[in-house]
Amino acid sequence: MNRLNNDQLRIIRKKTTQERVDRMVFLGDPSRPKANDVWVRDSEQRGLFIVFRKSGVHSYMFKATIPCLGKADPFTIGKTNCVSLTYARKFTKKCHEDLKEGKNPRFSVTGLKKPAEVRYVKDLFDDYIAELKKRGLAESTLRNRRHSFNKYMPETIKNNVLSSLTRSEIEICINKINKVHAANQFIQHLRTFLNWCIHWDLLQPDSNFTNKIKLHKAPDSSRRNYGMLLENEEEVFVETLQELVEESRGKRGQTRTYQGAIFIELLYWLGCRPCELFLIKKNQIYEHSAGLWMIKLFGKGKHRTVRCAVPDWLLNEIKILGALKTSDSVLWSWTSNTTGQKVLTQTWHTKVLPLYRRKLQERGIVENNPLEIPYDLRHHSQTRWHHKGGNLEACANWHGNSVAVAKKSYVNFTPDQQAEQWVRTKLPTDEKLSAPENITKQVPANQGGVWVLNVGQLHSPCTENPPGSTSPNLKSKEFPNGWALTTQTGFETA
């Protein structure tokens, strides 16, 4: 880069080329701190000027007398690092054509077809995603990268050339991101994209300034790991959801409240991710055999099929919702993830939690670990599964993650629960201990294709084939000592 001096001005005025435009830079002269921007007339196209500014942002400008105004009305065509000289000349030619028709080109000329040599950041990013798709990357990975780029990259940068990217602009983008995880994800995705550009000689090796941007550190407080509801809290929570469904069913103006309550019921009974239910279709909940209902879920780029282990009354509500739907249409009245998230959030914070806490207060129950977000129900499901000593591989299949992830992120025992689990798992089963006669005899969890569940027990999907509802409305064969037996012949856990 050279200082813009009289010799250079004389050269570029004599013959204006793209190379000379790219090499020019305006460096402030200490002896002339208030020097104006420099306008250089294009040597080929009348009315086209290259303006070199003190700020370092250079532009192509159109300036000509407008007949209807009787004076000039200059305006910017584009930045020199955004559009080519060829494009600016074609644009200027179009402006002169409109001037002959008595129009003001500022308003009549909106742009020309983009020349092949002008490649914006968004165009290169599309090429980058297309190549990753050819490599076989999962669609969920590509979707996450597109979402991060489109959400946090400003339009002014997307519609600019790659060489115009600066570290300060990117840091401003990052500082506007509220969540630490989202900011770090944006930085990582941008690093990968810029490294791809360097690989294809679209940037110089030292142009990836994102390598020098440090990842944000999470707050000192560790991420909240919920745990599970106590039995008395769980009873109140189940009652709250059922009451909300009954109150909002069929009432005008409460359609979304009703569907939001059904949505939360499914989160509670299945322990799945909310995103797996936002756009679930009618044909993803179907009857398999012998009255068993299954549900297909998709999350984290993987499909899984599990038993729709919900009470009969809830299954009937789902059937009613889908009665007027075609098999491949969304079960809910909304058709976007954004609307589904909005309905879930509003129902949870304005309906479920206030009613739940009012019931707790009326019964004098103090929350051991207060519910905050719908995702706490997923933590509850996996923590209870581990606490009850269920098959951990079945837990991983059911929830769509690994045992290691469950123990690291979802399972959170209280000290009392840890002690209870230790006693249950460490003491030998054949040890002769004196026990009262009224103690119910323990029955193995899995007996050759059947699962056994204590009817007095609440939500506990901790057997190999997770049980359904323990609600009185659930039809099952009653046996002595409070055990319910349900056959599952021909059913394979996904």
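Read-outs: derived from the displayed coordinates by stated rules, not from any lab. Please read all numbers here as calculations on a predicted model, not as lab measurements. With ideal geometry, Cβ positions are generated from the backbone for all residues, glycine too; neighbour counts draw on all protein chains shown.
Available extension along the chain between residue 13 and residue 155 is 47.8 nm, counting 0.36 nm per residue and deducting the alpha carbon span.
When peptides 382-391, 130-139, 293-302 are ranked by their average number of other Cβ atoms within 10 Å per residue, the highest-first order is 382-391, 293-302, 130-139.
Extending 7 Å from the Cα toward the beta-carbon at both residue 249 and residue 408 defines two label points whose distance is 4.3 nm. For residue 214, list the aspartates and glutamates whose Cα falls under 19 Å from its own Cα; do not include residues on the same chain fewer than 8 positions away. The qualifying aspartates and glutamates are 169, 171, 206. For chymotrypsin sites (Phe, Trp or Tyr not before Pro), the sites in the range 171-241 that DSSP calls loop and that have at most 13 other Cβ atoms within 10 Å are 200. Extension gain, residue 144-residue 22: 0.36 nm per intervening residue step, less the Cα-Cα distance, totals 40.4 nm. Under 5 Å from the amide H of residue 66 lie the amide H atoms of 71, 72, 73, each residue being 5 or more positions distant or on a separate chain, with H modelled from the backbone and absent for Pro and chain starts. By the count of other C-beta atoms within 10 Å, a proxy for reagent exposure, 124, 244 are ordered fewest to most as 124, 244. Label separation (residue 357 vs residue 239): 1.9 nm, computed from points 7 Å beyond Cα along the C-beta direction.
Mind listing which trypsin sites (Lys or Arg not before Pro) in the range 147-195 are in a DSSP loop and have 14 or fewer other Cβ atoms within 10 Å? Kindly include the intermediate steps, with their values, before the conclusion.
On the way: sites: 151, 158, 167, 176, 179, 191; in loops: 176, 179.
Loop-located and lightly packed - 176, 179.
Give the lysines whose C-alpha is closer than 22 Å to that of residue 103, dropping any in the same chain fewer than 8 places away, or say none. The qualifying lysines are 63, 71, 90, 93, 94, 113. Taking a ≥ b ≥ c as the square roots of the eigenvalues of the Cα gyration tensor, an a/c ratio of 1.5 or more together with a/b larger than b/c marks the range 231-384 as prolate.
Shape class for the range 121-212, computed from the alpha carbon gyration tensor (a ≥ b ≥ c): oblate, with a/c not under 1.5 and a/b at or below b/c.
Counting charges near residue 198 (Lys, Arg +1; Asp, Glu -1) among other residues having Cβ under 13 Å from its Cβ returns a value of -1.
Relative contact order, whole percent, for the range 121-212 stands at 30, derived from Cα pairs under 8 Å and 6 or more residues apart.
If you take the square roots of the eigenvalues of the alpha-carbon gyration tensor of the range 293-438 and sort them as a ≥ b ≥ c, do you get rounded (a/c under 1.5), prolate (a/b over b/c) or oblate? Prolate is the answer for the range 293-438, as a/c is 1.5 or above and a/b outweighs b/c.
Do any of 122/179; 133/325; 251/281; 133/282; 282/302 go past 27 Å between their Cα atoms, and which? Numbers along the way, then the final one.
Working: 122/179 24 Å; 133/325 33 Å; 251/281 24 Å; 133/282 30 Å; 282/302 19 Å.
Flagged as over cut-off: 133/325; 133/282.
Quick one: 304, 53, fewest Cβ neighbours within 10 Å first, how do they rank? Walk me through the numbers before you get to the answer.
On the way: 304 18, 53 12.
So the residues, fewest neighbours to most, are 53, 304.
Fewest-first ordering of 16, 255 by other beta carbons within 10 Å of each residue's beta carbon gives 255, 16. Taking amide H positions as modeled 1.01 Å from N, with prolines and chain starts lacking one, the residues under 5 Å from residue 281 and 5 or more places away or on another chain are 331.
The slack between residue 281 and residue 373, meaning 0.36 nm per residue of separation minus the straight C-alpha distance, is 30.7 nm.
In a shell of Cβ-Cβ distance under 12 Å around residue 366, excluding residue 366 itself, what net charge do Lys and Arg (+1) and Asp and Glu (-1) give? Could the numbers behind the result be given before it?
Numbers: positive: 357, 363; negative: 233, 367.
My count for the surroundings of residue 366 gives 0.
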